[in-house]
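Down below is the structure, laid out as structure tokens.
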Amino acid sequence: MSKLIHENQWVWIVVQDPGVNEQFLGQHDKDNDVSFIPAFLKKEDALQNIYRMALDKSRKYETQAILYEELVSHCADNGFALFILNETGHVLEKIKSKD
């Protein structure tokens, strides 16, 4: 469970190849050896941080809203942690895939 996110709340993520084989954009924290999906509480924060992420320049990206519960389920099913980030990319909360 999240301390920052309420039930049925939408969060913002970055999607790779929107519309065609789209995937949630994951990142890897090399220092802690953890793969995670970055999520944001506001669309503006996601847009501001998209270019701070590791991106494949040959692909297209866009921000999309998703229900928090769906995102947590996706992370758990695919072995990702979920990191809630703020407007500067600072981690506000880390949610392990078992939470």
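The values are calculated or read from the model by the stated rules, or taken from the named source; none is laboratory data. As the structure is a prediction and not an experimental result, all values here were calculated from the model. Neighbour counts are summed over all protein chains in view; Cβ atoms, including those assigned to glycine, are modelled from backbone coordinates with ideal geometry. Just the protein is used for accessible areas: all its heavy atoms, side chains included, with ligands, DNA and RNA removed. Shrake-Rupley method; radii C 1.70, N 1.55, O 1.52, S 1.80 Å.
General remarks:
- Each residue in the range 18-36 was checked for being more than 14 Å from the chain's Cα centre (by Cα), open to solvent by 100 Å² or more (accessible area, probe 1.4 Å) and of a type in the set (S, T, N, Q), and 1 of them qualify.
- Of the criteria (1) part of a loop (DSSP other than H, G, I, E, B); (2) open to solvent by less than 70 Å² (accessible area, probe 1.4 Å), which one Thr88 fails: (2)
- Strands (runs of 3 or more DSSP E) completely within the range 15-76 that count 1 or more residues being touching a helix residue (DSSP H, G or I) at 6+ places or on another chain (Cβ under 6 Å): 34-40, 61-67
- Pick from the range 37-78, criterion aromatic (Phe, Trp, Tyr) and surrounded by 15 or more Cβ atoms within 10 Å (Cβ to Cβ), ranking: farthest from the chain's Cα centre (by Cα): Tyr61
- Single unsatisfied condition, Ile84 versus (1) out of contact with any strand residue (DSSP E or B) (no Cβ under 6 Å at 6 or more places or on another chain); (2) touching a residue at least 60 places away in the same chain (Cβ under 8 Å): (1)
- Complete set of residues in the range 1-17 that are among the aliphatic types (A, V, I, L, M) and buried (at least 19 other Cβ atoms within 10 Å of the Cβ): Ile5, Val11, Ile13, Val14
- Flag not set for Ala81, criterion: surrounded by 12 or more Cβ atoms within 10 Å (Cβ to Cβ), modelled with pLDDT under 95 and within 15 Å of Ser2 (Cα to Cα).
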